[in-house]
Amino acid sequence: MKILYGVQATGNGHISRARAMGKYLAKAGVQVDYLFSGRPGDQLFDMQQFGNYQLKRGLTFVTQNGRVNYWQSFWQAQIRTLQQDIKALDLTGYDLVLTDFEPVTAQAAKQQNKHSIAIGHQYAFLHDIPMEHANLMSKLVFKHFAPAQYQLGLHWHHFNQPILPPIIDEAEHNTEVAANKVLVYLPFEDQQQVIAMLTPLSEYRFHLYGPGLSKAELGHIHTHPPALAPFKADLASCSHVLSNAGFELISEALQLQKQIMVKPLHGQMEQESNALALQQLQLASRSNQLSSNIIANWLSAPANTNTVQYPNVASAICDWLLQDTPDNIAALSKSLWA
């Protein structure tokens with residue numbers, strides 16, 4: 001079997017899922033080519049696993065100070081380039097197109113009538129799940145941005161829908177957890193403002209990852225540029241995680257039994273809905289604003305959230321793909337949640 005795997009590169013979570021899936025596809029002897037879009041190539045890191053991948057411009061949202069800037073997103077979108085990339089992508093020779101909310105591969109598969117399967121958190125929003133600030137536009141985006149013949153939506157709970165648990169790219173760490181160590185990942189916020197909020201909280205050790213940061217020690221605050229291995233190691237050894245409400249990092253933190261607080265990206269329906277789901281499931285704390293006092297109160301509060309343990313979803317999906325039974329998604333969902 002030969003697969004073209006399209007990955008939305010605007011968020012590291014999509015790439016993390018592709019890492020997990022790629023390991024099992026390679027183990028099964030499947031030939032996989034990768035295509036990434038939505039982020040400039042010089043902003044990607046630790047991509048060796050994906051070999052000689054293709055990179056396209058795609059589409060993305062512009063964020064400023066923790067909010068989506070729809071005006072700038074519109075002006076920076078190059079629809080003609082996207083259409084040209086879709087038309088130029090030759091799918092001859094591929095048995096299947098996988099897309100993780102990646103529009104070039106998804107739309108090309110639709111135009112060329114190629115067998116296609118979508119995998120990702122966004123496809124869970126095609127079902128009846130907790131949503132906040134959902135409107136007609138957001139529903140149209142989830143349905144038509146990166147469509148496929150079959151969709152495997154992922155979420156932290158099934159909500160009585162045929163969706164799957166998260167795909168988690170777990171790393172083996174025999175690391176002792178430090179009670180006062182906090183992993184901070186707020187890539188959509190002003191990093192200097194984040195540092196200013198953390199500065200008064202000197203009884204904790206913060207490991208802050210974010211765009212534009214260099215590796216440095218600012219007293220009890222350790223800053224890091226984006227990097228896969230150090231981030232995974234700090235995630236394993238921390239006790240608390242403070243982040244925006246993206247899906248994949250929260251999934252990994254839940255699997256590792258961390259205490260979590262999320263600050264959803266304003267104006268981003270997916271993140272706001274994620275925060276709502278975490279509240280309803282009692283899996284994490286939520287704050288729509290951040291300050292030193294809010295962070296301090298969360299860190300000092302006793303643990304009062306539920307815990308979860310998810311199965312190996314990447315391996316199960318790989319087996320399911322090789323069985324060629326895409327119409328049996330409900331059975332796959334039921335077996336994984338069992």
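Structure notes:
- Among the residues of segment 15-42, just one is within 22 Å of Gln271 (Cα to Cα) and open to solvent by 20 Å² or more (accessible area, probe 1.4 Å), namely Arg39.
- Residue within segment 262-278 that is farther than 23 Å from His14 by Cβ, within 22 Å of the chain's Cα centre (by Cα) and of a type outside the set (A, V, I, L, M, F, W, C) present: no
- Condition check for Ser237: closer than 24 Å to Ile129 by Cα and either in contact with a strand residue (DSSP E or B) (Cβ under 7 Å, 6 or more places away or on another chain) or at pLDDT 95 or above (or both): no
- Among (1) more than 23 Å from Asn288 (Cβ to Cβ); (2) part of a helix (DSSP H, G or I); (3) of a type outside the set (Asp, Glu) - the single one Ala196 does not satisfy: (1)
Conditions tested, residue by residue: (1) open to solvent by less than 20 Å² (accessible area, probe 1.4 Å); (2) among the hydroxyl-bearing types (Ser, Thr, Tyr); (3) out of contact with any Ser or Thr (no Cβ under 9 Å at 6 or more places or on another chain).
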site: Gly210; (1), (2), (3): yes, no, no
site: Ser214; (1), (2), (3): no, yes, no
site: His224; (1), (2), (3): yes, no, no
site: Phe231; (1), (2), (3): no, no, yes
site: Cys238; (1), (2), (3): yes, no, yes
site: Leu265; (1), (2), (3): yes, no, no
site: Gln268; (1), (2), (3): no, no, no
site: Leu283; (1), (2), (3): yes, no, no
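- Taking first residues from segment 140-152 that are within 19 Å of Ala9 (Cα to Cα) and modelled with pLDDT of 90 or more and partners that are among the basic types (Lys, Arg) and surrounded by 16 or more Cβ atoms within 10 Å (Cβ to Cβ), the Cβ contacts under 9 Å between residues at least 6 apart in sequence or on separate chains come to Pro147/Lys110; Ala148/Lys110.
Matching residues to (1) free of Cβ contacts under 8 Å to residues at least 12 places away in the same chain; (2) more than 23 Å from Ala18 (Cα to Cα); (3) not hydroxyl-bearing (Ser, Thr, Tyr):
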{"site": "Gly219", "(1), (2), (3)": "no, yes, yes"}
{"site": "Ser237", "(1), (2), (3)": "no, yes, no"}
{"site": "Leu242", "(1), (2), (3)": "no, yes, yes"}
{"site": "Ile250", "(1), (2), (3)": "no, no, yes"}
{"site": "Ala275", "(1), (2), (3)": "no, yes, yes"}
{"site": "Gln280", "(1), (2), (3)": "no, yes, yes"}
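- Condition met for Glu252 (in contact with an Asp or Glu (Cβ under 6 Å, 6 or more places away or on another chain), open to solvent by 10 Å² or more (accessible area, probe 1.4 Å) and under 19 Å from Leu154 (Cβ atoms)): no
- Here Leu218, Leu201 are screened, and the one residue that is out of contact with any Phe, Trp or Tyr (no Cβ under 8 Å at 6 or more places or on another chain), over 21 Å from Gln255 (Cα atoms) and open to solvent by 40 Å² or more (accessible area, probe 1.4 Å) is Leu218.
- For segment 154-171, the criterion of being over 17 Å from the mean Cα position of the chain (by Cα), of a type in the set (Phe, Trp, Tyr) and either modelled with pLDDT of 90 or more or over 17 Å from His14 (Cα atoms) (or both) is satisfied by at least one residue.
- Taken over segment 296-338, the residue count meeting the criterion of being over 26 Å from Leu98 (Cα atoms) and surrounded by 14 or more Cβ atoms within 10 Å (Cβ to Cβ) is 5.
The values are calculated or read from the model by the stated rules, or taken from the named source; none is laboratory data. Model, not experiment: these values are computed from the prediction. Because the Cβ atoms are built from the backbone with ideal geometry, glycine has one as well, and the counts that use them run over all protein chains shown. These area figures cover heavy atoms from the full protein model, side chains too; ligands, DNA and RNA do not enter into them. Shrake-Rupley method; radii C 1.70, N 1.55, O 1.52, S 1.80 Å.
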